[in-house]
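The structure follows.
Nothing in this text is a laboratory measurement; each read-out follows from the coordinates by a stated rule. Quantities reported herein were computed from a predicted structural model and do not represent experimental measurements. Glycine also receives a Cβ, built like all others from the backbone with ideal geometry; neighbour counts cover every protein chain displayed.
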Amino acid sequence: MKNLNDFQEEIYKCSRCGLCQTVCPVYKVTLNECSVSRTKFNMLNGILKGDLTLNKKILEYMDLCLGCNACKEFCPSNIDAREIFTAVKAQYYRYKHIPFTNSYSFFKMLLITAGAALIVYRSLKLDIITNKLFYGINNFLLKRILLFNTLAKKLLPNHTKKTAAHSQKTKKAVFFKGCFNNYINNDSANAVKKILENTDIEVIEKPFECCGISLLSSGLEKEFLKIAKHNLSLIPQDCDYILTDCASCSYVLKSYEKYVPSDITSKVVSILDLIKDKKISVVKEKIKITAHKPCHDDFDFITLLKNIENAEYIEAENFDKCCGFSGKFALTHQNISREISKRKAKDILQTGAGFVLTNCPACKLGLNQGLIELNARKPVVMNVAEFIAKYCEVK
């Protein structure tokens, strides 16, 4: 992973024009200039000149960022702030003790605990009970419970239908399920299997770990490299696709080659990419849908949605702007995250759609967080694959 010195030219290129300020979702909520890339570049410039030292306070400012990279898209110099901040955090932790609460072991422990709790939660039907009791009450703790409920809700049964015989399968797709499918809710994994059951693609599962996005964005270099090497070791050389249903997983898998010698990038595909040329149609009454495009998404699934027959696509204002969740940020900066999500939800409600579709589990949480803040029970938030598997026919 690079050091701060590797980005001297990019940091010096910053003209401090302030265009990044106009698009930064954190600044729009906080009006804190330290959340803006140009101010952080001023700090990093001070470190490069020797006027400042890389300390915990500066690290906190680097963390005051959703990693949405909206600033890069708007920057006249096309500076990749997300990559720079990640490198700075990695440089800091090379010489510091990493708290256990920042480690992958702690993150995995939380996932396993949450998964076990959700099994009990569903069996006792607590999600149904709390939804009836707590909706509309303006209390932070109760709203957190309602958000937890969205993880518990099962939209699709476990996929048990036998697929076509392997002899009829001419291509192999290694399915990278990701954390949510593995530990929290496997609705999206079931959707992927259902969509591909009658195709010529054989879906193969391996014991992958998390893609490592939280480790990468936190600058935890050693742990990220360990995860990346483990995942890469499980990918067969003869596979045709490395299949994902999550924009963040896809982004990180394609990023592996920056840190570990590999040649998998061209094989990483979204489930939506495999069905983009299929005829997809809603099988019952006409449905109104809208969408949220995740920050890490590089597949144009909006065009796919517009082509779904018997579905009316209504574009939400700021549909491609950050939902405010972004994993760890939603925990360390809860009030900022909730406000960004709420603003996002207001734009979605203006569409009058019955479903809001995305392709990132963290974004599902962000969208649900915003709707809960507004006491809105609809629209229903779903992964695109879940929606297609539940309501559509694919030919």
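Enumerate the aspartates and glutamates that Lys169 could reach by cross-link, defined here as Cα to Cα under 16 Å, with residues fewer than 8 away along the same chain left out.
Partners within reach: Glu197, Asp200, Glu202, Glu205, Asp238, Asp240.
Further, regarding this structure: Residue farthest toward the positive end of the dipole of the chain, with Cβ of Lys/Arg at +1 and Asp/Glu at -1: which of His333, Ile47, Ile213?
Selected residue: His333.
Taking 0.36 nm per residue of separation and subtracting the Cα-Cα distance, what length does fully extending Lys276 through Glu205 add?
Length difference between fully extended and current span is 23.3 nm.
Tell me whether the range 280-394 comes out rounded, prolate or oblate; compute the Cα gyration tensor, take square roots of the eigenvalues as a ≥ b ≥ c, and use a/c under 1.5 as the rounded threshold.
Prolate is the answer for the range 280-394, as a/c is 1.5 or above and a/b outweighs b/c.
If the cut-off is a Cα-Cα distance under 18 Å, which lysines reach Lys177, setting aside same-chain residues fewer than 8 apart in sequence?
Counting by Cα, and skipping residues close in sequence, Lys177 has these lysines nearby: Lys108, Lys154, Lys193, Lys194, Lys206, Lys229, Lys254, Lys267, Lys364.
Let me ask you something else. Given +1 on the Cβ of Lys and Arg, -1 on the Cβ of Asp and Glu, and no further charges, what dipole in debye does the range 166-274 carry about its Cα centre, rounded to the nearest 20?
Magnitude of the dipole: close to 140 debye.
Using θ = phi - 60° and the Karplus form 6.51 cos²θ - 1.76 cosθ + 1.60, what ³J(HN,Hα) does each residue of the range 24-35 get, whole Hz, x for Gly and Pro?
Each residue of the range 24-35 in turn: 6, x, 5, 4, 4, 8, 8, 6, 9, 4, 6, 7 Hz.
Treating the beta-carbon of each Lys and Arg as +1 and of each Asp and Glu as -1, no other charges, what is the dipole magnitude of the chain about its Cα centre, to the nearest 20 debye?
Values: 57 positive and 40 negative charges, 219 e Å.
Taking the Cα centre of the chain as origin, the dipole is about 1060 debye.
On C-alpha positions alone, give me the angle between the axis of helix 187-196 and the longest principal axis of the chain, in degrees, nearest 10.
Once rounded, one gets 60 degrees.
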